[in-house]
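Asks: One structure, as structure tokens, below. Some questions next.
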Amino acid sequence: MLKGLMTLARPALLALDPEKAHELTLRSLEQGLYPRGGQNDQRLEQTVWGLKFNNPLGMAAGFDKNGRVPGPLFKMGFGFCEAGTVTPHPQDGNPKPRVFRLIKDRGVINRLGFNNDGHDALANRLLSRSHDGVLSINIGANKDSADRIEDYCMGLKRFYDVADFFTINISSPNTPGLRDLQAPDELDALLEKLTKLRTQLMDEDDAPYRPMAVKLAPDIDEGALPAIIERLQAHKVDSIVVSNTTLARTGLVDRSTGAQAGGLSGRPLFERSTRMLARIYQITKGQIPLIGIGGIDSGETAVAKLCAGATLIELYTGLIYEGPSLITNIKRALIRHCEENGYSSIEQAIGTKADEWAAKAIS
């Protein structure tokens, strides 16, 4: 019954302003109006960085910026989710309108600009959260910050007691200059301070080790990628998230809406982000768990991400167009892939087609 109501509601949500539809969705989750995800299959379980994931499917950052609904997301069937991106101080983000659907392309352009309630509000919400899934805190810097690296350090320290792992967002296109932190020298400065702070927190407070994942943009020049990955490996980052939204607009049907400024997500991002994922898998020789994101809107695309080199996968835009049944459909497709290939665990699929994907030409 509830699943049917959610399906009927989707056309109505698509008729609303994107941000109003998003707020309505969050309120529905807060009120318990969502389908439950059922039991997980053991073949989808993994232990990564010492954390147990019931399945590899996660809700990407941006959906639950302020940590309002991690519990409902886990009950819907996600194995993990991200809260954020969160900045030290609250900020409104960029002027509206700032979110645009490309329905024919199954994509979204946003230029939100890290709109969020800030560290304190998120921390207060998460103090009493139930631990029925793995939670990442996605940390960023305020637009007007005089020291962006310090903003990331503040995020790590503020949420060290509530996060299972951290995602370091240095790749949003909607905060001017933020992507500069992906340059090797800037990466060195950022990661040196973050890893030093993590060690300090562990030594002083007897705190556990919290993994850190770095989220990259899909628009990094091919020639610059090895040097960036080398710096990430040198600092022993625990994971690389591939990828954030793109500034590219190749092959869009809706060219008018596609001219809007901002980052493009959804189906148009799939090939670009998956090829980049495979290239990073090759460069790292599969030694770093990768989180694949970008254009996952079906069971087939979810399987493709894993085969290209992802250990874990995330979605957001696909859920807008496909609805909550997408979660179940993806898990069924992963189980079917295990059965068709004789795998006892979905881990055996990771990277099996990385060379094939890395060889693709993406314009």
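Asks: What pairs come up if the first residue lies in region 198-212 and is within 17 Å of G50 (Cβ to Cβ), the second is assigned to a loop (DSSP other than H, G, I, E, B) and basic (K, R), and their beta carbons are under 7 Å apart, counting only those six or more places apart or on different chains?
Replies: Once the first residue is within 17 Å of G50 (Cβ to Cβ) and sits in region 198-212, its partners that are assigned to a loop (DSSP other than H, G, I, E, B) and basic (K, R) give R198/R210.
Asks: Would you check which residues across region 131-167 are of a type in the set (A, V, I, L, M, F, W, C) and either more than 21 Å from V69 (Cα to Cα) or over 17 Å from the mean Cα position of the chain (by Cα) (or both) and list them? Steps first, answer last, please.
Replies: Narrowing region 131-167 to residues of a type in the set (A, V, I, L, M, F, W, C): 134-135, 137, 139, 141, 146, 149, 153-154, 156, 159, 162-163, 165-166.
Matches in region 131-167: A141, A146, I149, C153, M154, L156, F159, V162.
Asks: Can we say T311 is farther than 19 Å from Q42 by Cα and among the polar types (S, T, N, Q)?
Replies: On the way: farther than 19 Å from Q42 by Cα: no; among the polar types (S, T, N, Q): yes.
Answer is no for this residue.
Asks: E204: at pLDDT below 95 and over 22 Å from T245 (Cα atoms), yes or no?
Replies: It is true that E204 is at pLDDT below 95 and over 22 Å from T245 (Cα atoms).
Asks: Still on this structure, please answer the following. From the list R125, R129, R111, which one is over 23 Å from G266 (Cα atoms), charged (D, E, K, R) and surrounded by 17 or more Cβ atoms within 10 Å (Cβ to Cβ)? It would help to see each step written out before you state the result.
Replies: Values: R129 fails: surrounded by 17 or more Cβ atoms within 10 Å (Cβ to Cβ); R111 fails: over 23 Å from G266 (Cα atoms).
Testing whether each residue is over 23 Å from G266 (Cα atoms), charged (D, E, K, R) and surrounded by 17 or more Cβ atoms within 10 Å (Cβ to Cβ) leaves just R125.
Conditions (1) at pLDDT below 95; (2) closer than 28 Å to L14 by Cα; (3) in a loop (DSSP other than H, G, I, E, B); (4) touching a strand residue (DSSP E or B) at 6+ places or on another chain (Cβ under 9 Å), marked per residue:
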{"position": "L112", "(1), (2), (3), (4)": "no, yes, yes, yes"}
{"position": "A121", "(1), (2), (3), (4)": "no, no, no, yes"}
{"position": "D132", "(1), (2), (3), (4)": "yes, no, yes, no"}
{"position": "A146", "(1), (2), (3), (4)": "no, no, yes, no"}
{"position": "E150", "(1), (2), (3), (4)": "no, no, no, no"}
{"position": "M154", "(1), (2), (3), (4)": "no, no, no, yes"}
{"position": "K157", "(1), (2), (3), (4)": "no, no, no, no"}
{"position": "D161", "(1), (2), (3), (4)": "yes, no, yes, no"}
{"position": "T167", "(1), (2), (3), (4)": "no, no, no, yes"}
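Asks: May I ask you to list the residues in region 332-363 that are among the hydrophobic types (A, V, I, L, M, F, W, C) and either more than 30 Å from T246 (Cβ to Cβ) or not in a helix (DSSP H, G or I) (or both)?
Replies: Residues satisfying the conditions are I335, C338, I350, A359, A361, I362.
Asks: Right, here's the next one. Would you point out which residue out of A302, A224 is crowded, with 23+ Cβ neighbours inside 10 Å and among the small types (G, A, S)? Walk me through it before giving the result.
Replies: On the way: A224 fails: crowded, with 23+ Cβ neighbours inside 10 Å.
Going through A302, A224 in turn, just one is crowded, with 23+ Cβ neighbours inside 10 Å and among the small types (G, A, S): A302.
Asks: Looking at region 147-167, which of its residues are aromatic (F, W, Y) and buried (at least 20 other Cβ atoms within 10 Å of the Cβ)?
Replies: Filtering region 147-167 down to residues aromatic (F, W, Y) leaves 152, 159-160, 165-166.
Those that are aromatic (F, W, Y) and buried (at least 20 other Cβ atoms within 10 Å of the Cβ): Y152, F159, F165, F166.
Asks: Still on this model: May I ask you to list the residues in region 250-271 that are part of a loop (DSSP other than H, G, I, E, B), closer than 21 Å to P18 by Cβ and touching a Pro at 6+ places or on another chain (Cβ under 8 Å)?
Replies: Residues of region 250-271 that are part of a loop (DSSP other than H, G, I, E, B), as a first pass: 250-254, 259-262.
Narrowing the set further to residues that are closer than 21 Å to P18 by Cβ leaves 252-254, 259-262.
Residues satisfying the conditions are L252, G262.
Asks: I've got another one for you. Restricting to region 272-323, what's the tally of residues that are more than 17 Å from the chain's Cα centre (by Cα), assigned to a loop (DSSP other than H, G, I, E, B) and at negative phi?
Replies: Selection size over region 272-323: 2.
Asks: Still on this structure, please answer the following. When the residues of region 11-39 are narrowed to those that are surrounded by 12 or more Cβ atoms within 10 Å (Cβ to Cβ) and polar (S, T, N, Q), which ends up nearest to K104 (Cα to Cα)?
Replies: Filtering first and then ranking leaves T25.
The rows are residues; the columns are (1) in a strand (DSSP E or B); (2) among the basic types (K, R); (3) surrounded by fewer than 24 Cβ atoms within 10 Å (Cβ to Cβ).
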| residue | (1), (2), (3) |
| --- | --- |
| G58 | yes, no, no |
| F63 | yes, no, yes |
| N66 | no, no, yes |
| G71 | no, no, yes |
| C81 | yes, no, no |
| G84 | yes, no, no |
| N94 | no, no, yes |
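Asks: Next up: Taking region 199-226 as the search range and keeping residues that are within 17 Å of the chain's Cα centre (by Cα) and part of a loop (DSSP other than H, G, I, E, B), which one is farthest from L156 (Cα to Cα)?
Replies: Just the residues of region 199-226 that are within 17 Å of the chain's Cα centre (by Cα), to begin with: 211-219.
Now restrict to residues that are part of a loop (DSSP other than H, G, I, E, B): 211, 217-219.
Details: P211: 11, A217: 21, P218: 25, D219: 26 Å.
Among those that are within 17 Å of the chain's Cα centre (by Cα) and part of a loop (DSSP other than H, G, I, E, B), it is D219.
The values are calculated or read from the model by the stated rules, or taken from the named source; none is laboratory data. What you see is a predicted model; the values in this text were computed from it and never measured. Cβ atoms come from the backbone with ideal geometry, glycine included; neighbour counts cover every protein chain shown.
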